[in-house]
Amino acid sequence: MSSVRARTTDADRIEAAGVVGAGGAGFPTHIKARGAADVVIANGVECEPVLAKDKAIMRSRSGDVAYGLAAMMGCVGAPGGVIAIKRKNSREVDAMKAAARGYANVSVAEVGDYYPAGDEHVLVYELTGRVVPAGGIPLQAGAVVSNV
């Protein structure tokens, strides 16, 4: 009998922690982490005008956001990652650009101040030119979108 132990992956740790998306649907993040994509988008856009949680996170935990993006890139095999932020949020843009400098192939994209800028289908199209199929998820367009 072999004493081979199964390798625990980052996706396993995400699942065990019960991490779900913050976009309202509660989509299990481990499913995204087990996919294959060539770009990961960290969604810091916040399309609802009175929300400020993403801005607070990007100002106070910018290094953690960049690290999390790089970790998800590793999970899905993506050679590139983008942190999407509304152009008008200059403090957050500056914080994330500074944090992104420590990671190869991580950039910051400034998007316009319009609704629904933070919708993941809109972000995938705006940042990659790819269309997520109707009723589909970004993985079907080679992208993973996670809230910051």
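Need the failing condition index for G63 against (1) open to solvent by 20 Å² or more (accessible area, probe 1.4 Å); (2) over 17 Å from G21 (Cβ atoms); (3) modelled with pLDDT under 95, just the number.
Just one mismatch for G63, condition (3).
Could you check V40 against (1) out of contact with any helix residue (DSSP H, G or I) (no Cβ under 9 Å at 6 or more places or on another chain); (2) modelled with pLDDT of 95 or more and say which number it fails?
(1)
Can you name every residue in region 76-109 that is among the polar types (S, T, N, Q) and crowded, with 19+ Cβ neighbours inside 10 Å?
Correct list: N89 only.
What do you reckon, is A98 over 18 Å from L123 (Cα atoms), aliphatic (A, V, I, L, M) and at pLDDT 90 or above?
When the stated conditions are applied, A98 passes them.
If you check R34 against the conditions, is it open to solvent by 70 Å² or more (accessible area, probe 1.4 Å) and either in contact with a strand residue (DSSP E or B) (Cβ under 7 Å, 6 or more places away or on another chain) or modelled with pLDDT of 85 or more (or both)?
Yes: the conditions hold for R34.
Residues checked against (1) of a type in the set (K, R); (2) touching a helix residue (DSSP H, G or I) at 6+ places or on another chain (Cβ under 8 Å); (3) closer than 24 Å to K32 by Cβ:
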site: A70; (1), (2), (3): no, no, yes
site: A78; (1), (2), (3): no, yes, yes
site: G81; (1), (2), (3): no, yes, yes
site: R87; (1), (2), (3): yes, yes, no
site: V93; (1), (2), (3): no, no, no
site: M96; (1), (2), (3): no, yes, yes
site: V106; (1), (2), (3): no, yes, yes
site: A109; (1), (2), (3): no, yes, yes
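Are any residues in region 8-23 under 27 Å from K97 (Cα atoms) and part of a loop (DSSP other than H, G, I, E, B), and if so, which ones?
Matches in region 8-23: V19, G21, A22, G23.
Considering region 38-53 alone, what residues qualify as being within 26 Å of G77 (Cβ to Cβ) and over 12 Å from the mean Cα position of the chain (by Cα)?
Of everything in region 38-53, just one residue is within 26 Å of G77 (Cβ to Cβ) and over 12 Å from the mean Cα position of the chain (by Cα), namely D38.
Quick one: count up the residues across region 37-60 that are in a helix (DSSP H, G or I), touching a residue at least 40 places away in the same chain (Cβ under 8 Å) and open to solvent by 40 Å² or more (accessible area, probe 1.4 Å).
Summing the residues that are in a helix (DSSP H, G or I), touching a residue at least 40 places away in the same chain (Cβ under 8 Å) and open to solvent by 40 Å² or more (accessible area, probe 1.4 Å) in region 37-60 gives 1.
Please go through region 110-148 and pick out each residue that is open to solvent by 20 Å² or more (accessible area, probe 1.4 Å) and outside any loop (DSSP other than H, G, I, E, B).
E110, E120, H121, V122, Y125, E126, L127, T128, L139, Q140, S146, N147
The values are calculated or read from the model by the stated rules, or taken from the named source; none is laboratory data. Quantities reported herein were computed from a predicted structural model and do not represent experimental measurements. Heads up, the Cβs are rebuilt from the backbone with ideal geometry, glycines too, and the neighbour counts pull from every protein chain shown. All accessible areas refer to the heavy atoms of the entire protein, side chains included, with ligands and DNA or RNA removed. Shrake-Rupley method; radii C 1.70, N 1.55, O 1.52, S 1.80 Å.
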